[in-house]
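Notes to accompany the following structure.
The values are calculated or read from the model by the stated rules, or taken from the named source; none is laboratory data. Being a predicted model, the structure only gives us computed values, none of them experimental. All Cβ positions, glycine included, derive from the backbone under ideal geometry; neighbour counts span all protein chains shown. Just the protein is used for accessible areas: all its heavy atoms, side chains included, with ligands, DNA and RNA removed. Shrake-Rupley method; radii C 1.70, N 1.55, O 1.52, S 1.80 Å.
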Amino acid sequence: MSEENPKPGAMKFSDDGETLLIYEDGVWKADYIQIQQSTEDGTELRDGEKG
Amino acid sequence: MTATEPTPGDAVGDLRATLKWIIAAAAGTGTLLVGAGPLAAMGKLDDRGDVAAAFCGLALTVTGIGWIVWQASDALMPQVSTLARFDDPELADLRALAATDPRAFFGPYASLDELRAKLQFHDAVAGNAAVMLARQSDERRAKMVQQVLDSARTNADHARHLERRLLTIVHAWTVRHHVRRARRHAFIAMIVVVAGAVLFLTSVNDNRPGTTEKKRASTHTIVVPGSP
């Protein structure tokens, strides 16, 4: 994977080596976090029910 | 999720059970209307017009029942669903429902496209992190990569779960669409069945023993007083 044209999800350390950077939406980001699952995410739908 | 909670997949079984009841009701009604008794009476028909009417009535009834069974069995056939079906015109009401409560359908993502893109992204992060971790000799850096790897795997699992759930909903909605269509057809077909049964029973009853004699007698009674 070339440095000039990274793919989403590509990873590298910052120049000072202190931060792990991840390529997302065209930029290198340092804030990749685990998404907190909401109780609403698990809302089940059954035929006949309204959202 | 506990084992007792309903899932969209349960709805598929319920929908198909409903459809089986529709078929059973249609078949039962047809048997009741054009049962063994009226069929036996058909053999005693002597008037060509009545025979033709009884035959047409019987044909209409059988056609109506066949129509119901055909439509219902079409909906009972196993469906193959993919997430691509989410954009089908027949699932427009599901998309409208998703628009009113996106979180219930897509979790933290805004749309199906974003959900799929992010699943791909989290998988890529997890894959790259695993490779980087294997090459990492610095313990502090390895710890950072390990943290990202764990997060990416959790995020990917969550996105995958949402995608599977959505696929189940799409599948249930597709079956629901077919069941609703079969129900509409069943309603129209039942009108045909009843029309056929009325025609059949009317022609058969016209020829029951005694009916013809009464008719003749009635006709005779009218004619006699009129004669000089």
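Heavy atoms of the protein only, probe of 1.4 Å, neighbouring chains included. What is the accessible area of residue B:88 in Å², nearest 10?
Spelled out: residue B:88, probe radius 1.4 Å, area about 40 Å².
7 Å from Cα along Cα→Cβ at both residue A:5 and residue B:194: what's the point-to-point distance in nm?
6.9
So for A:22, B:23, what's the accessible-area order with a 1.4 Å probe, most first? Don't jump to the answer; show the numbers that get you there.
Details: A:22 5, B:23 40 Å².
Greatest to least solvent exposure: B:23, A:22.
Kindly report, to the nearest 10 Å², the accessible surface of residue A:23 as traced by a 1.4 Å probe over protein heavy atoms only.
Estimated to the nearest 10 Å², residue A:23 gives 40 Å².
Give me the inter-chain shielding for B:145-156: mean count of other chain Cβ atoms within 10 Å, whole number please.
Values: counts 3, 0, 4, 6, 1, 1, 4, 5, 1, 4, 5, 0.
Average neighbour count from other chains, rounded to a whole number: 3.
Can you list the residues, at least 5 places off or on another chain, whose amide H is less than 5 Å from the amide H of residue A:13, using H built in the peptide plane?
Long-range HN contacts for residue A:13: A:21.
Can you list the HN-Hα couplings for the stretch B:141-149, worked out from phi with the Karplus curve (6.51, -1.76, 1.60; θ = phi - 60°), rounded to whole Hz and with x for Gly and Pro?
Taking θ as phi minus 60°, the curve returns 5, 4, 5, 5, 5, 4, 5, 5, 4 Hz for the stretch B:141-149.
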